[in-house]
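Structure first, commentary second.
The values are calculated or read from the model by the stated rules, or taken from the named source; none is laboratory data. These numbers were taken from a predicted model, which means no experiment stands behind them. Note that each Cβ is placed from the backbone with ideal geometry, even for glycine, and that neighbours are counted across all protein chains shown. Calculation scope for accessible area: heavy atoms of the full protein, side chains included, ligands and nucleic acids excluded. Shrake-Rupley method; radii C 1.70, N 1.55, O 1.52, S 1.80 Å.
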Amino acid sequence: MAVHEAGHAVAFHRLRQAGILAGRITAARIDATGGLVAIEEQAGTPTRAGLEAQITCRLAGRAAEALVLGAPGTGAGGDAGSDLALATGLALQLELSWGLGGGMTWHANPMARLAADPHLRDRVEAHLQRGHGRATVLLKESRPLLDALAARLEAERVIDGDPFEDPTTVVAIRTGEASRADREHPSPAQTASVAGARAVTDGDAPPSAGDGGSVGSAPPPPGSGTGGSPDV
């Protein structure tokens, strides 16, 4: 759940930074029944880019689960208020209500048309796949941000206000970025140390007692949520 909701929040934060979405995060929380990221949106007339960005945010929880945990869980699906349902509704309205998809014909009952029209289903699925792909790219680019916020949510359960304006998250992000930079660009001393360790363990002699176990192993990741946020 922490990973899922952090995905929603990071995607909205990045798209707001890019000027595509407007508003602010007012809270993020997880509990026994699910989680949510509450957003106070600014009024305005959405463009196609804005609607596609909303689809991206809706699917970012699922994308975060796949990125961090290795596979998505059931948290994005379920009832009519789920992430997948709301993202599908946005894609349908884009195509059939707002004239921003393949044509300008207005339809009174988009869901009935979806059930009867396989070509429409293909267009809606294409919107969802693009949104999920964009969410994955955003989250990969912002992995320290995603990890830091997921860790905060797992520990605190409730974050009031915008977590990206909170020094606690900022410090954790900087620490994560520094750690990742060390892994990607190790110093000569670190490289020599790793090479020396390989020289010892790659031989025929077994490692000495106490050398077993995975270096830098992490505790199991948090489980995926069962409920996507009605707000994001």
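Rg and Dmax of segment 102-143, both derived from C-alpha coordinates alone, stand at 14.3, 41 Å.
Ranking request for peptides 23-34, 2-13, 56-67, 148-159: highest mean number of other beta-carbon atoms within 10 Å first, then the rest in descending order. Walk me through the intermediate numbers first.
Working: 23-34: 16.7, 2-13: 29.3, 56-67: 27.3, 148-159: 18.8.
Highest to lowest by the protection proxy: 2-13, 56-67, 148-159, 23-34.
Averaging sequence separations of C-alpha pairs under 8 Å and six or more residues apart, then dividing by the length of segment 45-132, give the relative contact order as a whole percent. Working shown, then result.
On the way: 90 pairs, mean separation 27.4, N = 88.
Relative contact order for segment 45-132 comes out at 31 percent.
The Kirkwood hydrodynamic radius of segment 1-91, based on inverse pair distances between different Cα atoms, is 13.4 Å. For segment 29-137, pairs of C-alpha atoms spaced more than 21 angstrom apart make up 39 percent of the total. The residues of segment 1-83 have, on average, 40 Å² of accessible surface per residue, using a 1.4 Å probe with all protein chains present.
Quick check on packing: order 38-49, 68-79, 83-94, 131-142 by the mean number of other C-beta atoms within 10 Å, highest mean leading.
Output ranking for 38-49, 68-79, 83-94, 131-142: 83-94, 131-142, 68-79, 38-49.
Solvent-accessible area of segment 38-107 (1.4 angstrom probe, protein heavy atoms only): carbon and sulfur portion equals 53 percent. Using heavy atoms of the protein chains and a probe of 1.4 Å, the accessible area assigned to residue 111 is about 110 Å². Here the Karplus relation 6.51 cos²θ - 1.76 cosθ + 1.60, evaluated at θ = phi - 60°, turns the backbone of segment 74-91 into coupling constants of 8, x, 8, x, x, 8, 5, x, 6, 4, 5, 5, 5, 5, 4, x, 4, 5 Hz, with x for every Gly and Pro.
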